[in-house]
Structure formats: C-alpha cells, structure tokens
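Here is the structure we will look at.
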Amino acid sequence: MSSFFYFIKQAGINFKRNFSTALGAIITIFLAMFIIGLFLFVNDIINEIADSVENQVSITCFVSDSASQDDINKVMNQFSLDSKVASVSFTDKAQALENFKSSLTTNTDIIEALDGQNPLPASINVELKNAQDVETVAASIMSNKDYVAISDNPKNLADSVRYGQQTVEKLFAVTNAIRYAGVVVVVLLVFVTLVFINNTIRLAILARRKEIGIMRLVGASNGFIRGPFLMEGALQAAIGACLAVGGLELIRRFALPKLQESVAWLPVNISPQTFFLTALAIIVIAILIGLLGSIFAMRRYLKV
C-alpha cells in the first residue's frame, strides 16, 4: 500500500515537472475521448433511428375472399406460436379499403374509379420481435400448408406474402454498415490516443533516464521503477477523460434539447442511463489506454 501512495506522489511530481508535456497528453486524451463520446452519442441516435425504421418491418399475408373465419383463425394461431413473432392481427376487406382511402386523401379520382367495389383482399398481419428475422419468418409462412390453402394466390406465394423484400434487404445493409462503421471509427480513435500516450510517456522516460539508472543500481525492482510511469499515464488519461465527460454533459443538457426541437420527428435524445454508460466506458477506456501506453513505452525504451 505504501508503494501505491509513493507511485501517486511521484506521478504528481512528474506531472508538475513536465507540465507542458503532460498537458499535451491530457488535451490529446480529452479530444480523442470527446470525439469518441460524440461518436457514441451519434451512433446511439442512429441505432435508435435504425431500430425505429426496422420495427416498422412487418409481413402482410393476403387471404382469399373465400377463406372462412375459422380457417383464418387457425392459421393466425399457428403464426403466433412462432417464437420470432411478436403479434398477429387480421384486417378484413372493409378495413383494408378504409386504410386505402385514408392513404389517398389527396387523390380521390382513384377512389371514385372503384365505383363502390372493393378489390382489396383481407390480410393477416405479422409483427416481429426482431426485424432481422423477417425473411426466415416469411419463408416459414410460405411453407405453411394451412396458409397456402387460404392465400389469395397459392400458385405464387411471393405475391401473397409481402414484406418489401428488396427494400428490407437494402435497409438492413445500410443499418448494419452504420453499426460496423461505428466500431471501426472508435477502434481507430483509441489507437491514435494510445500512440499519443505512448509518445508522451516515452519523452518522460527519456528525460529521467539517469534517475532510473540510479534506481536500478541501488536495487529497485522493475515494478517499483514502472509504477510511477504507469500511474502518470493513468492520471493523465483520467483527467482527460473527465474533461471529455464534462463536455459531453454540456452537449446533452444544452445542445441536444435544441436539436430535438428542430427535428422532433427523430429520436435524438440521450437518456441518463445511456450517458452514464457512455461516460463510464470513456473513463475506463482512457485509463486502460494510459496504462497500455505507459507499458508499451517502457518495454521499448527501458531495459528493466
């Protein structure tokens, strides 16, 4: 325990001696962690938007006009047994026509052209727990013999079971690309920060080579020599990370509410829980980077 407090004391002394170098490291960590935090915010917002769009993905299964309600109920019960299905509902012909009219309020010519007829089929609507399962569930529906018997086009089930196949594929491709890009950017920022910390600690080591040589001559252990440098890297990282968290909190409190007012249709709010987890991740990542940067620098430039 006494060694631990010694390491802290020495880290503080080194911090004062090499204030300009340490300040540069802190600013570097602050900027990197701030950018990472902003990107995590943006990534969280994008994921919420992507999730909200994905959650609108559903499967519409058109039903023949001659299908009995008992047969329809039987098929709906079968669909609901699928663990990937969240809910199953039924839209009859009359409701389908009403929905169609509601979507064409600005184009009444099409409605008038129907001349009181209702060409729209009834449908079974399947909502999913995970939108990514849409193709699996659709394939399962098309292989259901009871549904095939009541579908409006048994010879071409792809025409009876609709879920916007091409649109869904493009949507998932875009949302997955966004998520992967987020991981890549965070990893790159962490790497850049690690390099800067490594260089900062290396300069501190080079400036104290004589002192370190004396410590080795009097029998100081490798761990005792490394300790102050590790603590110094962790201290610089912690200060930079806390400053970054403070900057992110200002954005969350003042900037995001104004942005939310401007784009009320988009979920751009960061919940306190999400902010806490982001702040915790930033501090932990920064301290790990500080420790790793110190370790790498010492392994390369010190033969201890």
Q: Could you list all residues from the stretch 18-48 that are more than 21 Å from the chain's Cα centre (by Cα) and among the polar types (S, T, N, Q)?
A: ASN18, SER20, THR21, THR28
Q) What about ALA204, is it farther than 30 Å from ASP92 by Cβ, under 39 Å from the mean Cα position of the chain (by Cα) and modelled with pLDDT of 75 or more? A) no
Q. Of the residues ILE124, ILE72, ILE59, which is touching a Lys or Arg at 6+ places or on another chain (Cβ under 8 Å), open to solvent by less than 50 Å² (accessible area, probe 1.4 Å) and modelled with pLDDT of 90 or more?
A. ILE59
Q | Close pairs from the stretch 245-257: first open to solvent by 40 Å² or more (accessible area, probe 1.4 Å), partner assigned to a helix (DSSP H, G or I), Cβ under 8 Å, at least 6 apart | A | ILE251/LEU38; ILE251/PHE41; ARG252/PHE41; ARG252/PHE275
(Q) Quick test for you: out of GLY223, GLY246, GLY219, pick the one residue that is at pLDDT 70 or above, farther than 15 Å from THR21 by Cα and not in a helix (DSSP H, G or I). (A) GLY219
Q: Sort out which residues of the stretch 75-87 are touching an Asp or Glu at 6+ places or on another chain (Cβ under 9 Å), assigned to a helix (DSSP H, G or I) and surrounded by fewer than 18 Cβ atoms within 10 Å (Cβ to Cβ), and write them in order of number.
A: GLN78
Q: List every residue pair whose Cβ atoms lie under 6 Å apart, where the two residues are 6 or more positions apart in sequence or sit on different chains, the first residue falls within the stretch 137-164 and is under 13 Å from SER66 (Cα atoms), and the second residue, located anywhere, is among the aromatic types (Phe, Trp, Tyr) and open to solvent by 40 Å² or more (accessible area, probe 1.4 Å).
A: ASP152/PHE62
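The values are calculated or read from the model by the stated rules, or taken from the named source; none is laboratory data. Owing to the predicted nature of the structure, the values given are computational and were not obtained by experimental measurement. Virtual Cβ from ideal backbone geometry, glycine too; neighbours counted across all protein chains shown. The area values use the complete protein model at the heavy-atom level, side chains included, leaving out ligands, DNA and RNA. Shrake-Rupley method; radii C 1.70, N 1.55, O 1.52, S 1.80 Å.
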